[in-house]
1. Condition (residue is at pLDDT below 95, in a strand (DSSP E or B), in contact with a strand residue (DSSP E or B) (Cβ under 6 Å, 6 or more places away or on another chain) and within 23 Å of Thr34 (Cα to Cα)) applied to segment 141-158: is it met by at least one residue?
2. Working only within segment 68-127, note down all residues that are polar (S, T, N, Q), modelled with pLDDT of 85 or more and not in a strand (DSSP E or B).
3. Of the residues Arg106, Arg102, only one is within 18 Å of Asp151 (Cβ to Cβ), of a type in the set (D, E, K, R) and either in contact with a strand residue (DSSP E or B) (Cβ under 9 Å, 6 or more places away or on another chain) or touching a residue at least 24 places away in the same chain (Cβ under 8 Å) (or both); which?
4. Out of all the residues in segment 67-99, which are among the β-branched types (Val, Ile, Thr) and in contact (Cβ under 8 Å) with a residue 40 or more places away in the chain?
Amino acid sequence: MGVGYLTGQGGGGSNIKSIQRGTLTLTTTSADVTISEISENSSIVKIYNKPKTNVDIQARNACIKTKITSSTNINFAKNTSGNDVDIFWEAIEFKNIKSIQRGDYRITTQGVLESITISAVDLSKSFIVASWTSTGANSNTAAVMDIAYLDSETVVKVSSSVYVGIIHWQVIEFN
């Protein structure tokens, strides 16, 4: 497992307190990265990932669920070992946060929008970030179109076009 990261400070009128970025090659089903301390109540993690090779990449090997597990730790997970996955991650700590709601949700039916009820948020001051794992064995990872969006002040909609899996969602609301 290769790991690296850097930190930065937000400036000016930004609502960003700090950003830590790094890379990781996930070679097993799960890995943890230690980061500089952040507040879990005002931070999110987002990722960009790609399979290390293009040989028989299955969705269950390429879809990565990512979450902050403590003020100094991020966990990356996929359903099976196999193909290595390169991950580029950002842990973003915000200022002026009203709330962060997060959770894991098991998508039970492929291709169907499912609803998650959340506490009410102001849609003009909120956004969502999500990551997921997949149970899919199809090698067409381009066909895996997982989505998560704020449908209303109290509903997050999630769906997977091809496979069932677990989505980790984070809704951030600013003051």
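The values are calculated or read from the model by the stated rules, or taken from the named source; none is laboratory data. Note that the coordinates shown come from a computational prediction; the quantities given were computed from them, not determined experimentally. Using ideal geometry, Cβ is built from the backbone for each residue, glycine included, and neighbour counts are taken over all protein chains shown.
1. No, every residue in segment 141-158 fails to be at pLDDT below 95, in a strand (DSSP E or B), in contact with a strand residue (DSSP E or B) (Cβ under 6 Å, 6 or more places away or on another chain) and within 23 Å of Thr34 (Cα to Cα).
2. Scanning segment 68-127 gives Ser71, Thr72, Asn96, Ser119, Ser124.
3. Arg102
4. Within segment 67-99, Ile74, Thr80, Val85, Ile87, Ile92, Ile97 meet the criteria.
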